[in-house]
Amino acid sequence: MRKIRSSGALLALFLLFICAFFGYPLAMLIYGTFRSGQPGTEGSFGLAGIVDAYGDPATWETLWASVIYAVAVQSIGIIGGFIFAWISMRTKTPAGKAITPVMVTIFAIPTLFFAISWGMMTSPTGLLTQFFGVSADGSPRLDAYSWAGLIIVSGLKAISVMYLLLLGPVRALNRSLEEAALLSGANRVRLFLDVNIPILLPTLSGLAILGFVNSLGQLDVALILGVPAAIYVFPTQIYDFLATTPIRYDSASALALLLIAVIYILVAIRSKAIGNRNFITVTGKAFRIEKEEIGRWKWVGFSLFIGYVGVALVLPLLQLIIGSFQPVLGVAGFTFKHYIGLFESSKVVRALENTLIMGVVGGLLATILAVLITYVALRSKSRWAQVPELIVWAVVAVPGIVLALAITWAYLSIPGLKSLYGSIWIVLIALVIVVTPIAQRATSGPVGQLGVELEESARICGASAPRMLLTIVVPLIGPTFLASWFITGVMAAGSLDIPILLSSAKTETVSLLVYNYYTQLGNGSTAAALLLLLLALLAVGGGLLMAIGALFKKANESRTTRRGRLVDTATPTDTFDPALSKALEADNDPTTLRRVPTSVSK
């Protein structure tokens, strides 16, 4: 009874923490919509912010433009991601095995990279302008500072995201269903439309909403490429309310609530449309998964992949390298002064330190929180155990710029927390909130696959709950934990929408400093050098985590070898507890298991 009460108290404390950490800022965002004045100052309640935001015809024009932008970007992302996932998983296309590593690389690169590099490439002296030339009025034929440029640049990043999310569903398609359709007389087009697309409908619709949410709330590309061309979407309009005088926090909060409402309406429509339809394709009956030979079409797939790598990775990287060594961006010459200046600047060194903290600590805390949330949801028998997971997933529908605004209301409104504003800790808190749902998604599968008998065996042997987590759960999900840590760390380190609102002069991150160099100070060469330095640090971090993952794999192989030796050398008189035998068979570390008396096992 005492153990049950203790577990209930721990669950209550954990639920209280989740509500305060994730739910409280969103509640304060609603509060800020109806309150005039700045957060933490005196003000009155009313509808002035709503009237100001929704009474302006430009708001509805911006909403319509944002919807078109998000739909276009997501269409590019899903179509491109699906094509490359099909090429990689279903066909024998040359270089097919290289698609996944390249997509992971593009995904890991901050969005800021694409915005700035494409802005440079289509400048008067950029690589693409030199190749395609200029029009009669002297403007570049390819211009990233346009609606087309905004959509294409955002779409390049979206393709890598959708590819990684579509790999599993495409691979799991049941070939027997396709063979049955072909035998019934259906052609390839009919098969694709009537069999494959309906089976993938839950995945495609979910990803469409997820991508729409991401595109609708994306600030980086819209701020760097859209604002100079007088193109505004919802995130840039919210930022404009907060960056221009007078600052209108209530109007910005009202726009943010509209953005969240649109997203939740889409989720409800998807749930209603799909209903209780059956989409099962993986059953107990085996089916073929080998890749198909597609003849000359494989060279079309190969050409598409090479073209994508060129425009999404090679050309932007080449432009940044060239620009970083130019004395002034666009002026011919070669110099190392920009790189030398970076390491001599105390501001840059401080920004690198801040970014390292955001990436390493932010990713680690988010992944730990995600594992705990999933573990509680799976293991606790309380009806409240699912609540933390639901609260965390509510954050998915909140763009970074909106969450930064919510954090502002939440922490400036309480005297004790007001001192955190402008510090590195409030930026870290906001980034952890943003990336935790991603970490929870990445770790939920492996944690759910762990058999409860492994933990019960450890507890029978006398291990405490923390020791059981460290010696059983963490080693078994080690590779996934590291992968989640890297992904969320990269997202936190490369974020711009949160630091741009919450950072002070002493807490700038590299992304914010790159943005200031490129847009505010007009020093594109230094911005290029600093952005390349950030990419190098991310590459080093990825290599380090891969090395640690290799050590995990080697340790698992070593445990397997020791288990085999233990089984071979066991005598008929050796008697183990049955639960311990199950743990042993499940590849647990036998060194953590102790023998028990024969009477106990009987």
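The table below gives the values:
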read-out	value
Verdict on residue 75 being in a loop (DSSP other than H, G, I, E, B) and of a type outside the set (A, V, I, L, M, F, W, C)	no
Any hit, the range 112-126, residues being β-branched (Val, Ile, Thr), modelled with pLDDT under 85, in a helix (DSSP H, G or I) and surrounded by 17 or more Cβ atoms within 10 Å (Cβ to Cβ)	no
Residue 345 being touching a His at 6+ places or on another chain (Cβ under 7 Å) and within 27 Å of residue 109 (Cα to Cα)	no
In the range 479-530, the residues that are in contact with a His (Cβ under 7 Å, 6 or more places away or on another chain) and among the hydrophobic types (A, V, I, L, M, F, W, C)	529
Within the range 406-456, considering residues that are at pLDDT below 75 and in a loop (DSSP other than H, G, I, E, B), the one surrounded by the most Cβ atoms within 10 Å (Cβ to Cβ)	450
Matching entry among 320, 352, 342 (being outside the structural domain of residue 425 (by TED's automatic domain parsing), of a type outside the set (Asp, Glu) and within 14 Å of residue 533 (Cα to Cα))	320
Breaking point among (1) at pLDDT 65 or above; (2) surrounded by fewer than 17 Cβ atoms within 10 Å (Cβ to Cβ), for residue 586	(1)
Subset of the range 46-57 [among the aliphatic types (A, V, I, L, M) and either in contact (Cβ under 8 Å) with a residue 40 or more places away in the chain or surrounded by 14 or more Cβ atoms within 10 Å (Cβ to Cβ) (or both)]	48, 50, 53
Pair list, Cβ under 9 Å, 6 or more apart: the range 422-446 residue of a type in the set (Ser, Thr, Tyr), other residue modelled with pLDDT of 90 or more and surrounded by fewer than 24 Cβ atoms within 10 Å (Cβ to Cβ)	436/365
Conditions (1) modelled with pLDDT under 85; (2) surrounded by fewer than 18 Cβ atoms within 10 Å (Cβ to Cβ); (3) over 30 Å from residue 171 (Cβ atoms); number of the one not met by residue 67	(1)
Only listed residue being in contact with a Ser or Thr (Cβ under 7 Å, 6 or more places away or on another chain) and either under 27 Å from residue 528 (Cα atoms) or in a helix (DSSP H, G or I) (or both), chosen from 142, 150, 165	142
Qualifying positions in the range 87-100 - closer than 12 Å to residue 305 by Cβ and assigned to a helix (DSSP H, G or I)	87, 88, 96, 97, 98, 99, 100
Breaking point among (1) surrounded by 13 or more Cβ atoms within 10 Å (Cβ to Cβ); (2) assigned to a helix (DSSP H, G or I), for residue 294	(2)
Residues (in contact (Cβ under 8 Å) with a residue 60 or more places away in the chain and surrounded by fewer than 19 Cβ atoms within 10 Å (Cβ to Cβ)) located in the range 76-85	83
Scope the range 27-41; condition part of a loop (DSSP other than H, G, I, E, B) and touching a residue at least 60 places away in the same chain (Cβ under 8 Å); matching residues	34, 36, 37, 38, 39, 40
Counted residues, the range 312-335 - those being in contact with a Pro (Cβ under 9 Å, 6 or more places away or on another chain) and surrounded by 13 or more Cβ atoms within 10 Å (Cβ to Cβ)	2
Residue 541 on the phi > 0 side of the Ramachandran plot and at pLDDT 70 or above	no
Odd one out for residue 303 among (1) under 32 Å from the mean Cα position of the chain (by Cα); (2) more than 30 Å from residue 92 (Cβ to Cβ); (3) of a type in the set (Ser, Thr, Tyr)	(2)
Positions within the range 114-147 being more than 23 Å from residue 65 (Cβ to Cβ) and β-branched (Val, Ile, Thr), in sequence order	125, 129, 134
Hits in the range 489-518 - residues which are at pLDDT below 85 and of a type in the set (S, T, N, Q)	504
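Residue by residue, here is whether (1) of a type in the set (Phe, Trp, Tyr); (2) part of a helix (DSSP H, G or I) holds:
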residue: 332; (1), (2): no, no
residue: 339; (1), (2): yes, yes
residue: 342; (1), (2): no, yes
residue: 348; (1), (2): no, yes
residue: 351; (1), (2): no, yes
residue: 358; (1), (2): no, yes
residue: 369; (1), (2): no, yes
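The values are calculated or read from the model by the stated rules, or taken from the named source; none is laboratory data. Not measured: the values here are computed from a predicted model. No Cβ is skipped: glycine too gets one built from the backbone with ideal geometry, and neighbour counts run over all protein chains shown.
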